[in-house]
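Below is one structure, written out as structure tokens; the observations come after it.
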Amino acid sequence: MMRLIAESPLIVAVVLGVLAAALIYGWLQTGRKPLAIIGLIVACLIPIAWIVSENWVTDREQIEQLIYQTADAVEANDYERAVAVIGDEATRQQALNELPQWEFSQADVGRIQSIRLIDDTLPMQADVDMTVKVEVSSKRGGLQQLRVPRRLLLTLEKRADNADQVGGGWVVTKYEHMSIVGGPDNFSTQPK
């Protein structure tokens, strides 16, 4: 229910609107004043639901914001800022080894297939399955402006020591990128 209120205010507003209309209709049919009062109170909850949803940032929204900011850092070829979201030292080193080989002229988040929060984990964890589209050229001169769609799998962890950062304390602990279709290709990471 909390996710519905925070992330889907339109659905909540429609439900509240239908409930308010039904209560007011009931008052018009029966003449019972309490139905009208409750109907008006429910109608007043509609703008409150919108305000709450605008000001309440859920974990999914924090993760999504972190993903888009990291894509902007990659596109700007700011590798230090891009790997700052990685909380595992081995994974950070893996990214620092891979990223400087390429010069990015585009790094767009194509579609976030899923952001799945894993229940009953401490610290809280999430898995992200998404597609990205990058336009890269090799710094070694072998490739000239290659446009590549990739599937990216992320494992994230929520840490209290990063709570002041944008993204609300979420850090990447593992990532894999691969071809969107088929098996691994020459550019795919090998799972650890």
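The values are calculated or read from the model by the stated rules, or taken from the named source; none is laboratory data. Just so we're clear, the structure is a prediction, and the values are computed from it rather than from any experiment. Here the Cβ is made from the backbone with ideal geometry for all residues, glycine too, and neighbour counts use every protein chain on show. Note: accessible area is taken over every heavy atom of the protein model, side chains too, but ligands, DNA and RNA are not part of it. Shrake-Rupley method; radii C 1.70, N 1.55, O 1.52, S 1.80 Å.
As a ratio to 2.2 N^0.38 Å, the alpha-carbon radius of gyration computed for the range 36-78 takes the value 1.98.
Helix 33-55 versus the longest principal axis of the chain: what angle, 0 to 90°, nearest 10, using Cα atoms? For helix 33-55, the angle is close to 20 degrees. Using alpha carbons only, how many degrees (0 to 90, rounded to 10) separate the axis of helix 59-75 from the longest principal axis of the chain? The two axes meet at around 30 degrees. Taking the C-alpha atoms only, the angle from helix 9-30 to the longest principal axis of the chain is near 10 degrees. The ratio of the alpha-carbon radius of gyration of the range 90-136 to the globular-protein estimate 2.2 N^0.38 Å is 1.51. Summed over all non-identical Cα pairs, the Kirkwood treatment of the range 1-55 gives a radius of 11.5 Å.
For the range 89-98, 3J(HN,Hα) computed residue by residue from phi via the Karplus equation (6.51, -1.76, 1.60; θ = phi - 60°) reads 5, 5, 5, 4, 5, 4, 5, 5, 6, 7 Hz, glycine and proline entered as x. Amide hydrogen proximity for I86: with H placed 1.01 Å from N in the peptide plane, the residues at 5 or more positions away or on another chain lying under 5 Å are V172.
Each DSSP beta bridge with both residues in the chain is either parallel or antiparallel, and the antiparallel ones are about 95%.
With a 1.4 Å probe and all protein chains left in place, how much of the accessible area of the chain comes from carbon and sulfur atoms, in whole percent?
Numbers: 6820 of 11570 Å².
Answer for the chain is 59 percent, counting heavy atoms of protein chains only.
The peptide list 10-20, 171-181, put in order of mean Cβ contacts within 10 Å with the highest first, becomes 171-181, 10-20.
Comparing L28, L156, L146 in a Gaussian network model of the chain, where Cα atoms under 10 Å apart are tied by springs, the biggest mean-square fluctuation is seen for L28.
Under the definition of Cα pairs under 8 Å and six or more residues apart, what whole-number percent is the relative contact order of the range 18-141?
Relative contact order of the range 18-141: 17 percent.
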